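What follows is one structure encoded as structure tokens, with my remarks underneath.
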Amino acid sequence: MIRKKVCLLGSFAVGKTSLVRRFVHSIFSERYHTTIGVKIDKKLVQVRVDDGQLTEVTLVLWDVQGEDRFQSIPTSYYRGSSGLLLVADGTRPQTLDSALQIAETATQSIGKDVPMRLLLNKADLVAQWEVPAPELLRKVGADFAPRVTSAKTGDGVDESFRDLTRALLSGD
Ligand code: GDP
């Protein structure tokens, strides 16, 4: 059985917990509870890899406490991660800068070869985004294969987790 640890990282209230709840339990809540420390959830995912073979992976999702002082995320949280999901909130463009800084800090301890994806969350509120999505996506760059998601409607969520899972297996 293949198990892969994935860390969700990003500023507070960008939607990390909500994205995990949507992906793992297919639910969404408007209520906000700050994550204290780390929450761990698991999901068995089936993906088709490059050779067309169906592969089962248990994703072990670490939802790491949101902090804008990104240095304070203990490196022990992301040590041993096979991949990272960076999350930013489209309604707060500064959370994108934080996510990119977090990525840089994380790469220093886990290396550049770990697949990373960036999610621009809260797509259902796109009418309230100060900076248009294409502009934000351009800023991120292709390395992170950024996607727009909504934990509320589920848009892009499954695809994002599956895309990262495939990358974990093929080492992209
Ligand atoms: P975290 O601190 O990054 O884990 O953020 P949460 O998942 O706890 O979400 C913070 C707040 O944003 C909560 O009130 C959520 O209901 C809300 N939220 C999260 N994702 C979305 C989304 O895609 N759309 C909308 N409209 N609200 C969201």
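Computed values, structure above
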| quantity | calculated |
| --- | --- |
| Count - residues of segment 107-132 that are within 16 Å of the chain's Cα centre (by Cα) and within 16 Å of the ligand (Cβ to nearest atom) | 7 |
| Some residue of segment 154-170 being among the aliphatic types (A, V, I, L, M) and not in a helix (DSSP H, G or I) | no |
| Subset of segment 12-57 [in a loop (DSSP other than H, G, I, E, B) and crowded, with 22+ Cβ neighbours inside 10 Å] | V14, G15 |
| Segment 58-78: number of residues that are assigned to a helix (DSSP H, G or I), modelled with pLDDT under 75 and surrounded by 15 or more Cβ atoms within 10 Å (Cβ to Cβ) | 1 |
| Every pair of residues 6+ apart whose Cβ atoms lie under 7 Å, when the first sits in segment 8-24 and is in contact (Cβ under 8 Å) with a residue 40 or more places away in the chain and farther than 18 Å from V45 by Cα while the second is among the basic types (K, R) and more than 7 Å from the ligand (Cβ to nearest atom) | T17/K39 |
| Qualifying position, being farther than 27 Å from L169 by Cα and of a type outside the set (K, R), among Q128, Q101 | Q128 |
| Residues satisfying the stated conditions in segment 1-59, i.e. of a type outside the set (A, V, I, L, M, F, W, C), within 16 Å of the ligand (Cβ to nearest atom) and at positive phi | G10, G15, S26, G37 |
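The values are calculated or read from the model by the stated rules, or taken from the named source; none is laboratory data. The shown structure was predicted, so the numbers you read here are calculated from the model rather than taken from an experiment. Using ideal geometry, Cβ is built from the backbone for each residue, glycine included, and neighbour counts are taken over all protein chains shown.
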